[in-house]
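Read-outs throughout are calculated quantities, based only on the coordinates presented, and are distinct from any laboratory measurement. All values reported here derive from a predicted model rather than from experimental measurement. Note that we place each Cβ from the backbone using ideal geometry, even for glycine, and neighbour counts take in every protein chain shown.
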Ligand SMILES: Cc1cc2nc3c(=O)[nH]c(=O)nc-3n(C[C@H](O)[C@H](O)[C@H](O)COP(=O)(O)OP(=O)(O)OC[C@H]3O[C@@H](n4cnc5c(N)ncnc54)[C@H](O)[C@@H]3O)c2cc1C
């Protein structure tokens, strides 16, 4: 397979959606409008934790222009026994979309209004009378798990291996992975390093706020336009929350201005559906940036304790990792994924990984790029660094001594097939940035990262046009350049140029069922379906040529976009190119179309190694990133520019998480920085050009060797930056963000 | 969108008359503070009085012994002005720090002063160079020193109906130079956690003969620091003097704890920036 000589795969054609994007023509979620459309506004909870005693929506209806008002009681009662979908617990989701009996975070939706203008809708929302019985907020892990903690959900009983509490608690689930004999492992170690780490809640920070337009018809049919990573997820989840039959809902995904996992769920869609049903008019709902911060995303705050033992020769022996992740208002933090990733890059004979999913009165977390893994890696990769330091070993050398390779078994079970972790370490060691001279107050950090990647379900269809060009349709919104990669795959099989393929993002009625654009699965799984469908097209093209030539199918081979007589077959015919065969479709059997569906149970995991150089201002504590290098195994980079873009984007988000990003809550659980001024994501001038090195160790599960690349690059940076700052200052930073006040306090020893 | 009446007077007297007749009308310059506040529901003006069409409020000129900057001059025009850059580099760099390229095409000096944020970047730089605000009202013009212009967060010495017309900066004497520094956790698009501006004059032997030190974002208004200036005057701006400048700035700061920085951090760093700005100003003066 790796022997295959590619013609299109690995090239860098201009992306098919580029012109519309750079000229502002592309339509994003908020760009849709329909005749007679109403504007909606959402009334949100002013409390982090309260019972809703009563809601009187009638005053809103008295406001001129208001056409419909809804509250949680207008939706079917969600039950825990109810429909459990693969995207999480539907009752929790429904209660998050709009509170029914209780609000569980400041900004939780409690009612919504649709009116002829946005001002009227907002005025209507202000008029709604809600009586709350305020309850104590639960704002961190310590207070959530304390014996006297206020309980968020009366019916929440901890799942997972004993010992877990049996009465209702704020701990939703325990995940435990172990192997070997941990005590023996530490006893056999020459050095043991133990530290505790914390990370705050951070937001995905996608530039496009959530937005939707919904139209309902008299026959009950519903059309939803929205920005999402998964139109089928929106359809299924909206059906569950509203009680509308799934087949009556059509979801049309818009272009998407970032998601990073945050657009894998629903917030506004059921509200707009219900408002539209009641008013008989199309309804548009668009979040403000403040609403995005208060009521969507973020990812968990975490507390991670890591204890690691190693022998003098650099061999890692034992590790114990205990992790508490905040899920926010409803169970479902990514602690399970954190457990799966925490130790998966190294071989430990003895290990315990113990994870707890904790609810707090904060926004419900949503997926964020490699959910859970960066938080775990922040602890583990710093401790690995410290072990290397204690043993006097180069940090890359120590990692190479312990790196997993083919046939090693991951702590969560699977045996690795071909993987490229060692290759990333070796490339990083060879990179000129690893030997660049450092000046005073500068330091270099190294960290690696693992992400398992997802397979799930995908389908694709390919249609030939009469002129020999092709159209490929999938159900995956293009969030990271996937259209270009999809066109390349069709082009590779058909033997034409990528610009001769039109890649389309279908809606839920024009594309076959396809899971989210997420889990780094689109190029991998949807790619497999595309390749299979394209191969089917090639077979059909050969059939048509066979018919034209009057030979058997195996008398026709497909080479460079042309049908040619295969070895030994009649050679008195001229090759037929795609356009010639396509032009004769009608006479040779009709349209040439193909479709394929896949559901790979696994995906090839991704590994990366990053290098970071920083300079620390000793008097202000400000950290400047001087150089940043990402090395990652992509299996096979279909469109290298978008692989590099993923590597750079993940690194940029991770650097932001490391240095300045954090949700700041006041004592009542109100986010104090719900905007980009004070939620300090990096701006372009904060970062150096991020260097990229793509390593290609083919993934045996994919016909081209592709592995997902979107998530792995956010795993190492938190620890990589921390390791660099430690090298520059001699201080370990175990709490994020590594912001100037924190750095200065450590330098000054306060 | 809400609809708010808009007027664009062509003269100072017309603007003053409009302002005098409606207490809820607001001057609109670049709008980079005001539009954000209105959209956030913080302010609800009854009318916009756009001052960007008044010739007296536009442009940078060097006349006689002073530099005049019209209040409605955008930041980019100010810091790109070669003579201004040469004469008061600290004022130029403070203006250059505002926002980003896009913001700098709109944000005006007058808006920065009149918005009266304790963290406004141009304020300490202007105080350091001894700038005066030229203010027009129904009774004519008056001058207010920049250090007296902001009276509290969002509060100025402007009386109702008054308009800031220009800022006048005395042309620096020989061997005089200024500098401005601020600390933000990022490189741009952020609000000063701490700012410090210094202007000083060196004698022929390198001894500092005059100095003004101003700090921002560490008190309800920017502060002019007599003690820090005294630490410089008579010194050769050596490490010793700089340490005393830092200590004086730290002692004078009265910051708050908020999402942008802690009290302890701001106090320490204001000293660091004051001494660094003084060192830069001294180097610049040395070269003159
Ligand atoms: C993204 C962004 C980044 C920013 N970064 C910075 C920064 O780094 N540093 C910084 O200091 N500021 C920053 N600001 C704030 C703002 O840009 C500046 O304060 C700017 O100088 C304001 O000028 P303006 O012309 O836009 O004022 P406007 O918004 O038009 O007006 C501000 C206030 O002053 C009043 N006003 C304006 N002109 C006059 C006048 N001539 N007479 C009387 N009253 C008047 C207005 O009525 C209003 O109350 C930033 C703002 C944004 C949006």
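Miscellaneous remarks
- Normalising the average separation of contacting C-alpha pairs (under 8 angstrom, six or more residues apart) by the number of residues puts the relative contact order of region A:496-622 at 24 percent.
- For region B:6-170: relative contact order, % (alpha-carbon pairs under 8 angstrom, 6 or more apart): 25 percent
- FRET efficiency, residue B:239 to residue B:37 (Cβ-Cβ, R0 45 Å, nearest 0.05): 0.55
- Calculated SAXS-style log₁₀ I(q)/I(0) at q = 0.20 Å⁻¹ - region B:25-69, Debye, Cα scatterers: -0.70
- Angle of helix B:263-286 to the longest C-alpha principal axis of chain B, folded into 0 to 90 degrees and rounded to 10: 80°.
- Three principal axis extents describe the C-alpha atoms of region A:273-342; from largest down they are 73, 21, 18 Å.
- Alpha-carbon centroids, region A:57-73 and region B:24-46: separation in whole Å: 30 Å
- Chain A, relative contact order in percent, only Cα pairs under 8 angstrom and at least six apart counted: 15 percent
- Based on the reciprocal of the average 1/r between different C-alpha atoms, the Kirkwood radius for region B:6-170 equals 15.7 Å.
- Calculation over all alpha carbon pairs of region B:176-286 in 10 angstrom steps from 0 returns a P(r) of 17, 49, 26, 7, 0 percent.
- Equivalent ellipsoid, region B:73-120 (semi-axes from 5 times Cα gyration tensor eigenvalues, Å): 17, 12, 9
- Structure-based [θ]222 nm, chain A - -39500 (n - 2.57) summed over DSSP H runs of at least 4, per residue, nearest 500: -8000 deg cm²/dmol
- DSSP beta bridge pairing in region A:58-173, given as percent antiparallel to the nearest 5: 90 percent
- Spin-label model distance (nm) - residue A:5 vs residue A:406, 7 Å beyond Cα toward Cβ: 2.4 nm
- Applying the Kirkwood pairwise sum to the alpha-carbon positions of region A:608-691 produces a hydrodynamic radius of 14.7 angstrom.
- Secondary structure note: in region B:6-170, about 80% of the DSSP beta bridges are antiparallel.
- One compactness figure for region A:614-744 is 1.22, namely its Cα radius of gyration divided by 2.2 N^0.38 Å.
- With Cα atoms, 0 to 90° folded angle of helix B:12-21 axis to chain B main axis: 70 degrees
- Calculated Rg and Dmax of chain A using C-alpha coordinates, Å: 27.2, 88
- Computed over region A:553-673, Kirkwood Rh from alpha-carbon pairs, angstrom: 21.3 Å
- Estimated [θ] at 222 nm from DSSP helical runs (n ≥ 4, -39500 (n - 2.57)) normalised by residues in chain B, nearest 500: -10000 deg cm²/dmol
- Spherically averaged projected area of the convex hull of Cα atoms, region A:179-308: 11.6 nm².
- When its C-alpha radius of gyration is set against 2.2 N^0.38 Å (N residues), chain B gives a value of 0.99.
- Secondary structure note: in the protein assembly as shown, about 80% of the DSSP beta bridges are antiparallel.
- Distances between every pair of Cα atoms in region A:376-512, grouped in 10 Å steps from 0 to the bin holding the largest one, split as 9, 25, 21, 21, 17, 6, 1 percent.
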